[in-house]
1. Confirm whether VAL122 is surrounded by fewer than 16 Cβ atoms within 10 Å (Cβ to Cβ), out of contact with any strand residue (DSSP E or B) (no Cβ under 8 Å at 6 or more places or on another chain) and among the hydrophobic types (A, V, I, L, M, F, W, C).
2. Output the helices (runs of 4 or more DSSP H) that fall wholly within the range 1-105 and possess 3 or more residues being touching a helix residue (DSSP H, G or I) at 6+ places or on another chain (Cβ under 6 Å) and acidic (Asp, Glu), or say none.
3. Would you confirm whether or not the range 78-90 contains a residue that is modelled with pLDDT under 95, under 25 Å from ASN2 (Cα atoms), over 16 Å from the mean Cα position of the chain (by Cα) and among the hydrophobic types (A, V, I, L, M, F, W, C)?
4. Please state which of the following conditions GLU98 fails to meet, knowing it meets all the rest: (1) loosely packed, with under 15 Cβ neighbours inside 10 Å; (2) under 17 Å from the mean Cα position of the chain (by Cα); (3) of a type in the set (D, E, K, R).
5. Kindly indicate the residue of the range 53-95 that is hydrophobic (A, V, I, L, M, F, W, C) and exposed (fewer than 11 other Cβ atoms within 10 Å of the Cβ) and also nearest to ILE147 (Cα to Cα) among those meeting that condition.
6. Filter the range 76-96 down to residues that are under 11 Å from LEU131 (Cβ atoms) and of a type in the set (Val, Ile, Thr), then give me how many there are.
7. Report yes if some residue within the range 30-51 is among the hydroxyl-bearing types (Ser, Thr, Tyr) and without any contact (Cβ under 8 Å) to a residue 12 or more places away in the chain; otherwise report no.
Amino acid sequence: MNWDKLFTMQKQLDTYIENNHDLSKTDVFQEKYLALLVELGELANETRCFKFWSNKPRNEKAVILEEYVDVIHFILSLGLEKGFSYETIAWENISHTETEQFNAVFESAVIFKNDTTEANYVNLFITTLQLAAILGFTEEDIQHAYIKKNEINYERQNQGY
């Protein structure tokens, strides 16, 4: 998949938000990083993969995909913040459980925050895509859901969200 389209859309959304909230001179990396962790936690909560104590079923796949795309929004935004991008590369399939892969994504995010290199960014992106595969999403699913959620994010901004 060509991720350039999503990076371009995210850059436009980020610029729109920065202009509407007068953030053009503000470094929001820490806020975006925390937002990524929160969204990742919300995604895990929708899958319920870690809730060994509960019999309640996971949420519908569409809800999980929408939460996943919130994670992608902030990964794209963090990359843009640091001048990094991602081009589809072959990555190895993994045999982690959902919980193990969530932990791998959290760990990759912490590593990226503490050592903000392009290699660490690409690793964060890949571990997040591996999570998508475990959740049953393709890159095309992600792209379509991203475009839909991007429109919603503009609507929210226009309504004073």
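1. Against the criterion (surrounded by fewer than 16 Cβ atoms within 10 Å (Cβ to Cβ), out of contact with any strand residue (DSSP E or B) (no Cβ under 8 Å at 6 or more places or on another chain) and among the hydrophobic types (A, V, I, L, M, F, W, C)), VAL122 does not qualify.
2. Details: elements: 4-20, 29-47, 61-82.
In the range 1-105, the matching helices (runs of 4 or more DSSP H) lie at 29-47, 61-82.
3. Looking through the range 78-90, at least one residue is modelled with pLDDT under 95, under 25 Å from ASN2 (Cα atoms), over 16 Å from the mean Cα position of the chain (by Cα) and among the hydrophobic types (A, V, I, L, M, F, W, C).
4. (1)
5. My answer is ALA62.
6. Count: 1.
7. Our first condition is that a residue be among the hydroxyl-bearing types (Ser, Thr, Tyr); within the range 30-51, this holds for 33, 47.
Pick out the ones that are also without any contact (Cβ under 8 Å) to a residue 12 or more places away in the chain and you get none.
Within the range 30-51 (the criterion being among the hydroxyl-bearing types (Ser, Thr, Tyr) and without any contact (Cβ under 8 Å) to a residue 12 or more places away in the chain), the answer is no, since none of the residues qualifies.
The values are calculated or read from the model by the stated rules, or taken from the named source; none is laboratory data. Source: prediction; values computed, not measured. Methodologically, a virtual Cβ is constructed for each residue, glycine included, from the backbone with ideal geometry; neighbour enumeration extends over all protein chains shown.
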